[in-house]
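The structure under discussion appears below in the form of structure tokens.
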Amino acid sequence: MSHAAVQTHLPQEQGLAIPFSTIRPHLQVRTVQENKKKILFVTSELTDLVKTGGLGDVSAALPRALREFHDVRVLLPGYRQVLESGQTIRVVGTLPGHAALPPCRIGRIDLDDGLIVYVLLSPELYDRDGTPYGDEHGQDWPDNHIRFARLGLAAAHVAAGSACISWRPDLLHAHDWPAALAPAYLRWRGIATPSVFTIHNLAYQGLLSPQCCPELDIPRGACRMEGMEFHGKLSFLKAGIAYADRITTVSATYAREITTEAFGCGLEGFLRAKAERGLLSGIRNGIDESWHPESDPHLLQGFSASDWHGKAVHAEYVRHHFDLEASAGPLFVVVSRLVRQKGLDLTHDVAGTIVRAGGQLAVIGRGEPVEEERMRGLAGRFPGRIGVRVGFEETLARRMFAGSDFLLMPSRYEPCGLSQMYAQRFGSLPIAHRTGGLADSIEDGVTGFLFERPCVESYREAVERALKVFALPSLFHAMRRSAMTVPCYWRQTVHPYLHLYRQLLESRHEQA
Ligand SMILES: Nc1ncnc2c1ncn2[C@@H]1O[C@H](COP(=O)(O)OP(=O)(O)O[C@H]2O[C@H](CO)[C@@H](O)[C@H](O)[C@H]2O)[C@@H](O)[C@H]1O
């Protein structure tokens, strides 16, 4: 693998038109600094084009924060949302089929700010209604193993320089189980490109039957404990952990937690062994610069710690939008995927405390049908005091962070969490379980409220403390101001990744 990857212009890529695209000017000429390395992000979500949760946000914001230092590009499946995004897609590469993985083409999107996204074009795998992972009823696609193995193998081909793209990464960075076979295929095929695998959520593992090995061309040797075998099945996520050169997760506390039985999802021993060899680390997520209360274009009006008027405008907007009564009481919000991890059942049980104290609650979320139903039931119990919207709406979510006084986040576990940082930035104090990245990003009684155990009693005690602070405006505003100034942008937090990449590239260089 060559590290002499200095380019003074972008590579020549053929611009074959495909039906859904309009042709864009061919090449932008850009000077690339000598010490910049080429890094390929492999991910199943990118907020600009398709998002179901925090993975999309990190996949969009981290490459942008790294771009000052490296030439970072993203590889993403060409879902229907991507094809219909209105972005120009030029075909720049082709890949042959392999085992049960169909041949595909690679398209290229140049986003407005210059971020380059390679899109894996395989209509039979990705051009469907629904989310990246399942149909509109929340049912996983039965061929997910093929869909995401295709992603992993394509990434390995790009790394090997055999995807007909004249851009070849010095390092590959894969995210979560859908991208986890990328480092594995590198290893199985003897491609020396170093790799990083980031775990955003250990609970989603991508399990499949060992009988699928021939379909995906998984070597027999991989079906062992030291490989991707997991209780008689095969785990995409475990493959990422087994074969990447370095493993990271998204906060220091979660990195420790996943080496314990309580949080390790059965992989704690495997992860502990990696940690003991210095191969597992926790790097806390940052957030994108667009989360700025004075300039976020999603907001109706900007605001700051010295001018709260815009915040009041959003509080009124949220009350109106969720059919809540006019009130001077505290406004609580939930912005969350509605899944068991997020502790919605606990919020259901403390909601009465909030309402009795004169508070109101607005919830937006989408997820498991049982959780959606639970939330709808809550709105039915407290009309005018609790409003629930089942759906996914970025603009509304941002206005909820802006208009609220408190964000509820009683997650049972939380690898990092972004919502609490968005809330803090917008002067809404998070009330959260002391776990994972919530413990690392919230200072109890200063920039939010933490409770110790994921149970109603512990949670209620934190809500009661928050209500007392709300009743003391000078203390409440002081806490808000502290929360708004916590350093949380990626540019303030990206350095551990730069250090990790440097270490990895240098050690690979020495080995070579
Ligand atoms: N209905 C809705 N409408 C609009 N926006 C909505 C929404 N539901 C959720 N969101 C948004 O989706 C994102 C959720 O991100 P989180 O990091 O809080 O959780 P998630 O569990 O998805 O991410 C996983 O990956 C991230 C990234 O590493 C980790 O921080 C996290 O702990 C881990 O569980 C936030 O941007 C939130 O505002």
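Rounded to the nearest 5, what is the percent of antiparallel bridges among the DSSP beta bridges in the chain?
Bridges in the chain that DSSP calls antiparallel: roughly 30 percent.
Find, among the GluC sites (Glu not before Pro) in region 306-403, those assigned to loop by DSSP (not H, G, I, E, B) with at most 15 other beta-carbon atoms within 10 angstrom.
Taking region 306-403 and a limit of 15 other Cβ atoms within 10 Å, the loop GluC sites (Glu not before Pro) found are 325, 393.
Please give the contour-minus-distance gain from residue 84 to residue 143: 0.36 nm per residue of separation, less the Cα-Cα distance, rounded to one decimal in nm.
19.0 nm
Counting only C-alpha contacts under 8 Å and six or more residues apart, can you give the relative contact order of the chain as a whole percent?
11
For region 447-498, what is the convex hull volume of the alpha-carbon atoms per residue, in Å³?
Looking at region 447-498, the number lands at 87 Å³ per residue.
Equivalent-ellipsoid semi-axes (√(5λ), Cα gyration tensor) for the chain, whole Å, largest first?
So the equivalent ellipsoid measures 40, 25, 22 Å along its semi-axes.
Just grab the label-to-label distance for residue 506 and residue 325, each label 7 Å out from Cα along the Cβ direction, in nm (one decimal).
In this crude spin-label approximation the distance works out to 6.4 nm.
Mind checking the angle between helix 54-66 and the chain's longest principal axis? C-alpha axes, 0 to 90 degrees, to the nearest 10.
That helix lies at roughly 70 degrees to the long axis.
Could you compute the FRET efficiency for residue 94 and residue 499, with r as their C-beta to C-beta distance and R0 at 45 Å, rounded to 0.05?
The calculated FRET efficiency here is 0.80.
Can you put 327, 474 in order of accessible area, largest first, using a 1.4 Å probe?
From most accessible down to least: 474, 327.
Could I have the simple spin-label model distance between residue 128 and residue 294, label points 7 Å from Cα toward Cβ, reported in nm to one decimal?
4.7
Search the structure for amide H atoms under 5 Å from the amide H of residue 362, placed 1.01 Å from N in the peptide plane, and list their residues when 5 or more places away or on another chain.
Amide H neighbours of residue 362: 332, 333, 334, 387.
Using the Karplus curve 6.51 cos²θ - 1.76 cosθ + 1.60 with θ = phi - 60°, what ³J(HN,Hα) values do you get for each residue of region 253-263, in whole Hz, with x for Gly and Pro?
Result, ordered by residue: 5, 5, 4, 6, 4, 6, 8, 10, 4, 5, 10 Hz.
Between residue 111 and residue 464, how many nm apart are label points set 7 Å from Cα along the C-beta direction?
With each label point 7 Å from Cα toward Cβ, the separation is 4.5 nm.
Once phi is turned into θ = phi - 60°, what whole-Hz ³J(HN,Hα) does the Karplus curve with 6.51, -1.76 and 1.60 give for every residue of region 169-175, x standing for Gly and Pro?
For region 169-175, the Karplus curve yields x, 7, 8, 10, 10, 9, 10 Hz.
How far is the Cα center of region 225-239 from the Cα center of region 451-492, in Å?
The distance from the Cα centre of region 225-239 to that of region 451-492 comes to 40 Å.
In region 309-487, what percent of the accessible surface is made up of carbon and sulfur (1.4 Å probe, ligands and nucleic acids excluded)?
54
Just the accessible area per residue of the chain, please: how many Å² with a 1.4 Å probe?
Result: 39 Å² of accessible area for each residue.
Rounded to the nearest 0.05, what FRET efficiency do residue 211 and residue 135 give with R0 = 25 Å and r taken as the Cβ-Cβ distance? Could you check?
It comes out at approximately 0.60.
For a label point 7 Å from the Cα of residue 392 along Cα→C-beta, name the residues of region 283-308 whose backbone N is under 19 Å from it.
288
How large is the helix-only mean residue ellipticity at 222 nm for the chain, computed as the sum of -39500 (n - 2.57) over DSSP H runs with n ≥ 4, divided by its residue count, in deg cm²/dmol to the nearest 500?
-10500 deg cm²/dmol
Sort region 148-292 into rounded, prolate or oblate with this rule: let a ≥ b ≥ c be the square roots of the eigenvalues of the Cα gyration tensor; rounded if a/c is under 1.5, and if a/c is not under 1.5, prolate when a/b is larger than b/c, oblate otherwise.
It comes out oblate by the Cα gyration axes.
With axes computed from alpha carbons, what is the tilt in degrees of helix 309-321 against the longest principal axis of the chain, rounded to the nearest 10 within 0 to 90?
For 309-321 against the chain, the angle is about 90 degrees.
For residue 51, list the lysines whose Cα falls under 23 Å from its own Cα; do not include residues on the same chain fewer than 8 positions away.
Filter leaves 342.
Counting only C-alpha contacts under 8 Å and six or more residues apart, can you give the relative contact order of region 309-487 as a whole percent?
22
Could you list which residues have their amide H under 5 Å from that of residue 173, counting only those 5 or more apart in sequence or on another chain, with H placed in the peptide plane?
It is 40, 41, 42, 196, by chain and number.
Please go through region 155-234 and write out the trypsin sites (Lys or Arg not before Pro) that DSSP classes as loop and that have at most 10 other C-beta atoms within 10 Å.
Of the trypsin sites (Lys or Arg not before Pro), the ones in loops of region 155-234 whose Cβ has at most 10 other Cβ atoms within 10 Å are 224.
Report the FRET efficiency, 1/(1 + (r/R0)^6), for residue 345 and residue 261, where r is their Cβ-Cβ distance and R0 is 25 Å, rounded to 0.05.
Efficiency, rounded to the nearest 0.05: 0.65.
Counting other C-beta atoms within 10 Å, and keeping those with at most 12, which DSSP coil GluC sites (Glu not before Pro) do you find in region 202-278?
Those satisfying the criteria are 226, 261.
Sticking to Cα atoms, compute the Rg of region 309-487 to one decimal and its Dmax as the biggest Cα-Cα distance, whole number, in Å.
Cα only, region 309-487: 14.4, 41 Å (Rg, Dmax).
The values are calculated or read from the model by the stated rules, or taken from the named source; none is laboratory data. Note that the coordinates shown come from a computational prediction; the quantities given were computed from them, not determined experimentally. Glycine also receives a Cβ, built like all others from the backbone with ideal geometry; neighbour counts cover every protein chain displayed. SASA here: full protein model, heavy atoms, side chains in, ligands and nucleic acids out. Shrake-Rupley method; radii C 1.70, N 1.55, O 1.52, S 1.80 Å.
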